[in-house]
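Below is one structure, written out as structure tokens; comments come after it.
Every number here is computed from the coordinates shown, using simple stated rules; none is lab data. On a predicted model such as this, the values are computed, not experimentally measured, just so you know. With ideal geometry, Cβ positions are generated from the backbone for all residues, glycine too; neighbour counts draw on all protein chains shown.
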Amino acid sequence: MLAPSLSMLLTPFIYVVVLVSKYELVFMRLSFGIKKSKRLKRYARRRIIMHARLNLKRVQYLLTSHPVDLMQIQNETDVERLFENNTR
């Protein structure tokens, strides 16, 4: 009885660990590049979380399709531009 329940709990745990790891990669990219204010970084993090939520594909899409855009954000308009054409 213990083995099946542990197996069922392992999959969601691994998903959450991978999701947090991908979010960390996105947030690290925000720190690189042009200097950004703490307020702008906080705003960008909040918008990314609101957009991607728990969807691993959306976070991965930001990592693969917008790596340079994440580093070159200068204002809130740039943050919003990340999500304009992203319907995934």
Check your understanding: Right, Lys22: among the charged types (D, E, K, R), assigned to a loop (DSSP other than H, G, I, E, B) and surrounded by 15 or more Cβ atoms within 10 Å (Cβ to Cβ) or not?
Key -> no
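To keep it simple, each residue is scored yes or no on (1) out of contact with any helix residue (DSSP H, G or I) (no Cβ under 9 Å at 6 or more places or on another chain); (2) more than 15 Å from Leu56 (Cα to Cα); (3) in contact (Cβ under 8 Å) with a residue 24 or more places away in the chain; (4) surrounded by 12 or more Cβ atoms within 10 Å (Cβ to Cβ).
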site	(1), (2), (3), (4)
Ala3	yes, yes, no, no
Leu6	yes, yes, no, no
Tyr15	no, no, yes, yes
Val18	no, no, yes, yes
Phe27	no, no, no, yes
Lys38	yes, yes, no, no
Review point. Hey, any hits in segment 30-48 for a residue that's out of contact with any Lys or Arg (no Cβ under 6 Å at 6 or more places or on another chain) and aromatic (Phe, Trp, Tyr)?
Key: yes
Study note, to complete from the structure: Considering residues that are exposed (fewer than 15 other Cβ atoms within 10 Å of the Cβ) and either assigned to a helix (DSSP H, G or I) or acidic (Asp, Glu) (or both), the number found within segment 68-87 is 6
Point to revise | Subset tally (residues that are within 27 Å of Tyr15 (Cα to Cα), part of a helix (DSSP H, G or I) and of a type in the set (D, E, K, R)) for segment 32-67 | key: 7
